[in-house]
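Reviewing the structure listed below.
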Amino acid sequence: GRVIPAFLTQVIEGQDLTVFGEGDQTRSFSFVTDTVEGIVRLLNSDYNGPVNIGNPNEYTILQFAQIIIERYGSSSSIINKPFPQDDPKIRQPDITLAGKLLDWEPKVSLETGLDQVHTYFLDLYKKNGRF
């Protein structure tokens, strides 16, 4: 039920992309290597409080769906379904403290991370014929 695997699966299988509500809710995407590096730096520090580790670059779900369709040359359309009650409207971490305390910021761009995940999903699909 997460947007990256959902959209990539839908694109690879030639399905339409499902956007809940108008797609104006936002998300910020952090690649796993960036997240792990931030967590390791925090673990190796003397700081024992909470620190946001993530990527502050924010996209609406509708923008993200359009990026996926354009990036992978999909003929998929975007379909809207009712907005779930528990779906957060905004997700954008403030990573100021991580930068100051840990000298950390994300390095992997959205496009680079997406391409790696897309390749992984595509290989998995080709190997198994399904997800």
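The values are calculated or read from the model by the stated rules, or taken from the named source; none is laboratory data. All figures in this text were calculated on a predicted structure; none of them were measured in a lab. Because the Cβ atoms are built from the backbone with ideal geometry, glycine has one as well, and the counts that use them run over all protein chains shown. To get the accessible areas, we keep the full protein, side chains included, count just its heavy atoms, and leave off ligands, DNA and RNA. Shrake-Rupley method; radii C 1.70, N 1.55, O 1.52, S 1.80 Å.
How much mean residue ellipticity at 222 nm does the chain get from its helices, if each DSSP H run of length 4 or more adds -39500 (n - 2.57) and you divide by all residues, to the nearest 500 deg cm²/dmol? Spell out each step's value before the answer.
On the way: 5 runs with 59 residues, N = 131.
It lands at -14000 deg cm²/dmol.
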Mind checking the per residue accessible area of segment 22-131 for me, 1.4 Å probe, whole number of Å²?
66 Å²
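By how many nm would the segment from Thr9 to Glu105 grow when fully extended, if each residue of separation counts as 0.36 nm and the alpha-carbon distance is taken off? Could the numbers behind the result be given before it?
Details: separation 96, 0.36 × 96 = 34.56 nm, distance 2.88 nm.
Once the chain is fully extended between Thr9 and Glu105, it gains 31.7 nm.
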Segment 80-111 residues near the modelled Tyr47 label - backbone nitrogen below 18 Å, point 7 Å along Cα→Cβ
92-107
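Once the piece of chain linking Glu70 and Phe131 is laid out straight, how much longer is it, given 0.36 nm per residue of separation minus the C-alpha distance between them? Let's see the in-between values first.
Values: separation 61, 0.36 × 61 = 21.96 nm, distance 2.22 nm.
Taking Glu70 through Phe131 to full extension adds about 19.7 nm, to one decimal.
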At 7 Å along the Cα-to-beta-carbon direction for both Val117 and Val36, put a label point, then send me their distance in nm to one decimal.
1.6 nm
Given axes a ≥ b ≥ c from the Cα gyration tensor, I'd like to know whether segment 63-131 is rounded (a/c under 1.5), prolate (a/b larger than b/c) or oblate.
oblate
Could you work out the Kirkwood radius for segment 1-65, taking every pair of different alpha carbons, averaging 1/r and inverting it, reported in Å?
13.9 Å
Pull out the extension gain between Leu124 and Ile78, defined as 0.36 nm times the separation in residues minus the alpha carbon to alpha carbon distance; nm, one decimal.
14.2 nm
Which three numbers, in whole Å and largest first, are the semi-axes of the equivalent ellipsoid of the chain derived from its Cα gyration tensor as √(5λ)?
30, 19, 12
Using a 1.4 Å probe over the heavy atoms of the protein chains, calculate the carbon and sulfur portion of the accessible area of segment 1-130 as a whole percent.
50 percent
With springs connecting C-alpha atoms under 10 Å apart, model the chain as a Gaussian network and identify which of Asp86, Asp94, Asp16 has the largest mean-square fluctuation.
Asp86
